[in-house]
Amino acid sequence: MASTTFTPGALPPGLITLPGVYRPQADTRFLAEALAHEDLGPGRDVLEIGTGTGALALHAADRGALVTAVDVSWPALLTARLNALRRRLPLRLLHGDFAARTAGRRFDLVFANPPYVPAPGNGPPSSGPERAWDAGPDGRAVIDRICARAPAMLRDGGSLLMVHSGMCGAQETVDRLSWAGLTAGVTARTAVPWGPVLRGRRAWLERRALAAPHEQWEELVIIRAVSV
């Protein structure tokens, strides 16, 4: 099957999603729209953290970028590989922790739709599909690691794009990236209806003052940071 040229800001059509793999949703599409404004032409060295189905990695590869995609989930990597083979697009897929697997490498662009849903417990789960969204009691278990690691992953002038819930604290993300030496800010905001995960833990979120009573819309933000 020949490679398909994707519409800028859109996700690849007809994606395979194996059981237990995060299916692209509103946050994926929101990040795809942000990626449409980035330079992803030939020769650009790009990293995706937490590739899932490979939807966004394939979007970047279709525009000519050299894409490395990492995920802790074997089913996710298999899914991304199948989707890449169907479209005859090259992806370098790595299994494991993003920081360990990319140590010593720098990229022109790093992008991520990390786990960001606040969840009871001391930290993110070690197995199961929940690894794609649960991120500890404040939802920042992975976000903070990306913020700390970003300067070492970016070339001079390189950019980081990350989407997450406003529930996690957009300003805290901007502050952490700024403290790390990057120029950072919120470049886009949108609102989406609460999904089943948030609805299922409404009482817990309200007790922790992470959500207002009867709240039904979740703010999503795009954070962009540049290495200068």
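The values are calculated or read from the model by the stated rules, or taken from the named source; none is laboratory data. Since we're looking at a predicted model, the values are computed, not measured. All Cβ positions, glycine included, derive from the backbone under ideal geometry; neighbour counts span all protein chains shown. All accessible areas refer to the heavy atoms of the entire protein, side chains included, with ligands and DNA or RNA removed. Shrake-Rupley method; radii C 1.70, N 1.55, O 1.52, S 1.80 Å.
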Legend entry - Value of Rg/Rh across the range 109-220 [Cα atoms, Kirkwood radius]: 0.98
Legend entry - Point-to-point label distance, residue 78-residue 148, nm (Cα→Cβ direction, 7 Å offset): 3.2 nm
Inset, instruction - Return the sequence-ordered ³J(HN,Hα) values of the range 18-33 in whole Hz as given by the Karplus equation 6.51 cos²θ - 1.76 cosθ + 1.60 applied to θ = phi - 60°, using x for Gly and Pro. - result: 6, x, x, 9, 4, 7, x, 9, 4, 5, 5, 5, 4, 5, 4, 4
Legend entry - Average accessible surface area per residue within the chain, 1.4 Å rolling probe, Å²: 45 Å²
Legend entry - Whole-Hz couplings from phi, Karplus 6.51/-1.76/1.60, listed for the range 178-190; x for Gly and Pro: 5, 4, 7, x, 9, 8, 10, x, 7, 9, 7, 9, 8
Inset, instruction - Could you compute the FRET efficiency for residue 212 and residue 25, with r as their C-beta to C-beta distance and R0 at 22 Å, rounded to 0.05? - result: 0.45
Inset, instruction - Filter the chymotrypsin sites (Phe, Trp or Tyr not before Pro) in the range 118-202 to those in DSSP coil with at most 15 other Cβ atoms within 10 Å of their Cβ, and list the result. - result: 194
Inset, instruction - Determine, from the Cβ-Cβ distance of residue 92 and residue 155 and an R0 of 25 Å, the FRET efficiency 1/(1 + (r/R0)^6), rounded to the nearest 0.05. - result: 0.90
Legend entry - Tensor-based shape of the range 18-60 (alpha-carbon gyration tensor, a/c under 1.5 rounded, otherwise prolate or oblate): oblate
Inset, instruction - At a 1.4 Å probe radius, which order do 178, 165 fall into by accessible area, largest first? - result: 178, 165
Legend entry - Two-site label geometry, residue 103 and residue 39: point separation in nm, points 7 Å out along Cα→Cβ: 3.1 nm
Inset, instruction - Collect residues whose amide H, placed 1.01 Å from N in the peptide plane, falls under 5 Å from the amide H of residue 38; neighbours closer than 5 in sequence don't count. - result: none
Inset, instruction - Report, in deg cm²/dmol and to the nearest 500, the calculated mean residue ellipticity at 222 nm for the chain, where each DSSP H run with n ≥ 4 adds -39500 (n - 2.57) and the sum is divided by the residue count. - result: -8000 deg cm²/dmol
Inset, instruction - Tally up the carbon and sulfur contribution to the accessible surface of the chain as a whole percent, 1.4 Å probe, everything protein left in place. - result: 54 percent
Inset, instruction - Enumerate the amide H contacts of residue 158 below 5 Å, restricted to partners 5 or more residues apart or on another chain; note that Pro and chain-start residues carry no placed amide H. - result: 227
Legend entry - Chain lengthening between residue 228 and residue 183 when straightened (0.36 nm per residue, less Cα-Cα): 15.5 nm
Inset, instruction - Determine ³J(HN,Hα), in whole Hz, for all residues of the range 162-172 in sequence, where each value follows from phi through the Karplus function 6.51 cos²θ - 1.76 cosθ + 1.60 and θ = phi - 60°; x replaces Gly and Pro. - result: 9, 10, 7, 6, x, 4, 7, x, 4, 5, 5
Legend entry - Folded to 0 to 90 degrees: helix 74-87 orientation relative to the chain principal axis, Cα: 40 degrees
Legend entry - Ordering of 202-211, 82-91, 40-49 by packing [mean C-beta count within 10 Å, highest first]: 40-49, 82-91, 202-211
